[in-house]
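Report on one structure; see the data block that follows.
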Amino acid sequence: MNLLRNKWVTLPLLWLFAFIVWQAGAWTYGSDIIPGPVATWKGAQELLSDGSLVQYIGISFYRVFTGWALGSLLAIPIGLIIGKVSAIRVFAEPFLNFIRFIPPIAFITLFLVWFGIGEQSKIALIMYATLFIVIINTLTGVLSVEEDKIRSARSMGASEWQILLHVVIPATTPYIFTGIRLAMGTSYMAIIGAEMIAANEGVGFLIWNSRLFFRTDWIFVGLISLGLMGFITDRAVGWIGRKTLHRYGIVSTASIRR
C-alpha cells in the first residue's frame, strides 16, 4: 500500500516537473523553437477542429496494427519451425543474424518500387519490422525449453506434434509475447519513416509536413500523439496477455512488485 500511495504522489510530481521544464524551454528559446504546453494544446485544437488529427491517428494505427498483426502471425510459426528443426536452423540463423541489423527504414525505397506508393508498401514495411523480432524471440524460447521436459513427454508416448503443442508452445509463450510487445514499438518507428517519405496521410506525414509551415506546435502534437498511441496499445496488449495467458507465466508489473 505504501508503494501504491507513493506512486500516486510521485507520478503527478514527475509530470509537473516535466511540464515546468518544457515551459522553461519555451520561455528560453521561444515558442517558435519549443512550443510550450499551452501553445501545443492550441495547435492540437486546430488539428482536432477540422478532424485531421483524428484521421491521421486512425490511419497510422491501422497501418501499424495490420502490419504488426500479420507479421506476428507469420513470424510465430516460422520461429517454431526454425527452433524445432535443426537442419533448417543451421541455414536460417546466419541469415536472421545478418538481416535483423538492417533497419526497416533502409527498405523504404525498395518497398515503394516493389509494392507501390499505396498501403501495401507501408504494411509490408511494418511486417518486416515485426517479423525478425518475433522470430528471434520465438526461436530463443524454443531453444530454452528444458530437454528433460521433452524427454519426459516422449517417455509417456507423446508424438512430436503433441510435444510441440503441449510442451514447446506453452514454454515458449512468454518469449513470443515479449517479442510481440517489442515489435509493436519497432512498428511505430517504421511507420513514421514510411509516412514521412511516401505518404500524404498519417502522423508521420503530419510531423514531416509541419516543417513547411514552421508549425513546431503541430510537430509536438504529432510526437505526443505517437507516444500516447504507443502507450495505449502497449498497455492494451499487456492487459490482454495477462488476462488470456496468465497460466503461461504472463504476469503484470503490479504482481511483480507485490
Please verify whether Gly157 is without any contact (Cβ under 8 Å) to a residue 60 or more places away in the chain and not in a helix (DSSP H, G or I), treating the condition exactly as stated. yes
Any chance Ile192 is among the aliphatic types (A, V, I, L, M) and more than 19 Å from Thr66 (Cα to Cα): no
Pairing a residue in segment 228-247 that is within 30 Å of Leu53 (Cα to Cα) and in the same structural domain as Gly185 (by TED's automatic domain parsing) with any residue that is surrounded by 11 or more Cβ atoms within 10 Å (Cβ to Cβ) and among the basic types (Lys, Arg), where Cβ atoms lie under 8 Å and the two sit 6 or more apart in sequence or on different chains, gives Asp234/Arg181; Val237/Arg181; Gly238/Arg181; Gly241/Arg181
Residues located in segment 174-207, provided they are closer than 15 Å to Leu47 by Cα and either within 15 Å of the chain's Cα centre (by Cα) or free of Cβ contacts under 8 Å to residues at least 40 places away in the same chain (or both): Ile207
Does Leu164 meet the test of being touching a Gly at 6+ places or on another chain (Cβ under 7 Å) and in the same structural domain as Ser60 (by TED's automatic domain parsing)? no
State all residues of segment 8-32 that are in contact with a helix residue (DSSP H, G or I) (Cβ under 8 Å, 6 or more places away or on another chain) and either assigned to a helix (DSSP H, G or I) or closer than 25 Å to Ile191 by Cα (or both); if no residue qualifies, say none. Phe19, Trp22, Gln23, Ala26
Output the residues belonging to segment 88-110 that are in contact (Cβ under 8 Å) with a residue 24 or more places away in the chain and either crowded, with 21+ Cβ neighbours inside 10 Å or among the aromatic types (Phe, Trp, Tyr) (or both). Pro104
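Does Gly204 count as over 30 Å from Glu146 (Cα atoms), crowded, with 16+ Cβ neighbours inside 10 Å and either not assigned by TED's automatic domain parsing to the domain that holds Ala18 or not aromatic (Phe, Trp, Tyr) (or both)?
Values: over 30 Å from Glu146 (Cα atoms): yes; crowded, with 16+ Cβ neighbours inside 10 Å: yes; either not assigned by TED's automatic domain parsing to the domain that holds Ala18 or not aromatic (Phe, Trp, Tyr) (or both): yes.
In short, yes.
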Only one of Thr40, Thr66 that is of a type in the set (Ser, Thr, Tyr), over 25 Å from the mean Cα position of the chain (by Cα) and surrounded by 15 or more Cβ atoms within 10 Å (Cβ to Cβ): Thr40
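For Leu182, indicate whether it is under 21 Å from Pro77 (Cα atoms) and surrounded by 14 or more Cβ atoms within 10 Å (Cβ to Cβ).
Numbers: under 21 Å from Pro77 (Cα atoms): yes; surrounded by 14 or more Cβ atoms within 10 Å (Cβ to Cβ): yes.
For Leu182, the condition - under 21 Å from Pro77 (Cα atoms) and surrounded by 14 or more Cβ atoms within 10 Å (Cβ to Cβ) - is met.
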Which of (1) modelled with pLDDT of 85 or more; (2) more than 19 Å from the chain's Cα centre (by Cα) does Thr109 not meet, given it meets every other one? (1)
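The values are calculated or read from the model by the stated rules, or taken from the named source; none is laboratory data. Just so you know, these numbers come straight off a predicted model, no measurement behind them. Note that each Cβ is placed from the backbone with ideal geometry, even for glycine, and that neighbours are counted across all protein chains shown.
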